[in-house]
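For reference, the structure is listed below as structure tokens.
The values are calculated or read from the model by the stated rules, or taken from the named source; none is laboratory data. Please read these numbers as outputs of a predicted model, since none were measured by experiment. Reconstructed Cβ throughout: ideal geometry from the backbone, glycine too, with neighbour counts over all protein chains shown. Surface accessibility is based on the protein's heavy atoms, side chains included, excluding ligands, DNA and RNA. Shrake-Rupley method; radii C 1.70, N 1.55, O 1.52, S 1.80 Å.
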Amino acid sequence: MKTPGHFSTAINTSGTYLKSDQKLSPLQPTVALAGAIFNPPHFRGRAGAVVEGGALIASAYVNYTGSLKDVRNDPTVHIGSMTTVDLNARYAFQSDSRLFSGIDVALSVQNILDTHPSLIKTTQMYESPYDSTNFSAFGRVLSFTVSKKW
């Protein structure tokens, strides 16, 4: 446990760049996979910071999913990238009381800006109107947790 008034910070980043294509036989053309709808984007990244001080831990992360191309029809349609922000905080109560000792309270907000994926053209009512391989159907998600260690 950290001493009161002492804070530590950690910065985290990760990212991937992907270039991939496919050729099923020598007589067929090479088809780009990365960056095409329902395949991974060329670039995906995440960056954030975690601050810890005493009984409090807080974090903020920015998530980026690169743009795609809908190559199912002619002409090809550009599908925009998506950036989301996630925030988390947890407080561990410090108490001499047996009742309150070991209680943690956490608040988490995923996609706090309520960013939505770009819509895509569909031909059937049951098809998702977005690229469900790369983007989430959920908008903002809020969770509140209380836990007790015995």
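Its Cα gyration tensor gives the range 1-79 an equivalent ellipsoid, and the semi-axes of that ellipsoid, as √(5λ) in whole Å with the largest first, are 44, 13, 7.
Our coupling estimate for the range 122-139, obtained by passing each phi through the Karplus curve with A = 6.51, B = -1.76, C = 1.60 and θ = phi - 60°, is 10, 10, 10, 4, 7, 7, 5, x, 8, 6, 6, 6, 10, 10, 8, 6, 6, x Hz, Gly and Pro reported as x. For T9, T122, the ranking by accessible surface with the largest value first comes to T9, T122, using a 1.4 Å probe.
Amide H contacts of S81: S67, each under 5 Å away and 5 or more positions distant or on a separate chain (H built 1.01 Å from N in the peptide plane; Pro and chain starts excluded).
Backbone geometry of the range 31-45 corresponds, through the Karplus equation with coefficients 6.51, -1.76 and 1.60 at θ = phi - 60°, to 3J(HN,Hα) couplings of 10, 6, 9, 4, x, 9, 3, 6, 10, x, x, 4, 10, 9, x Hz, x marking Gly and Pro.
Between amide H atoms placed 1.01 Å from N, distances below 5 Å from L18 occur with F43, all of them 5 or more places distant or on a separate chain. Each Lys and Arg adds +1 at its Cβ and each Asp and Glu adds -1 at its Cβ; summed about the Cα centre, the chain shows a dipole of about 280 debye.
The HN-Hα couplings worked out from phi for the range 15-25 by the Karplus form 6.51 cos²θ - 1.76 cosθ + 1.60 (θ = phi - 60°) are x, 9, 10, 10, 10, 9, 9, 9, 9, 6, 8 Hz, whole numbers, x standing for Gly and Pro.
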